[in-house]
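Input: a single structure, listed below in structure tokens.
Just so it is clear, none of the values below were taken in a lab; they were calculated from the coordinates. All values derive from a computational prediction rather than experimental measurement. Note: ideal-geometry Cβ built from the backbone for every residue, glycine included; neighbour counts use all protein chains shown.
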């Protein structure tokens, strides 16, 4: 199944793209997607506390992805 991933902030800088399309096995979870991305882009491991939204709604890592989902990786926001 194909998943579109939107990248923001430091995550976009690490991967050097603002969007990815990845192929995953049917029934893959958000955690499996996260581990795949860290394996492909090891520098993400430094920022693995990012929030994840699927189709514009925040989800937990056990959420099961579906074909054509749009996943957004959102780094922690800081500032004052």
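Observations
- Gain on full stretching of the segment that runs from residue 77 to residue 19 - 0.36 nm per residue minus C-alpha separation: 18.9 nm
- Across all Cα atoms of the chain, the radius of gyration (one decimal) and Dmax (whole number) stand at 11.9, 42 Å.
- Folded to 0 to 90 degrees: helix 30-40 orientation relative to the chain principal axis, Cα: 60 degrees
- Put a dot 7 Å past the Cα of residue 64, heading toward its Cβ, do the same for residue 2, and the two dots end up 2.3 nm apart.
- Relative contact order (%) - the chain, alpha-carbon pairs under 8 angstrom, separation at least six: 42 percent
- Between residue 47 and residue 31, full extension at 0.36 nm per residue minus the direct alpha carbon distance yields a gain of 4.3 nm.
- Taking every DSSP helix (H) stretch of at least 4 residues in the chain, weighting each as -39,500 (n - 2.57) and dividing the sum by the residue count yields a mean residue ellipticity at 222 nm of -6500 deg cm²/dmol.
- Within segment 2-74, percent of DSSP bridges classed antiparallel, to nearest 5: 75 percent
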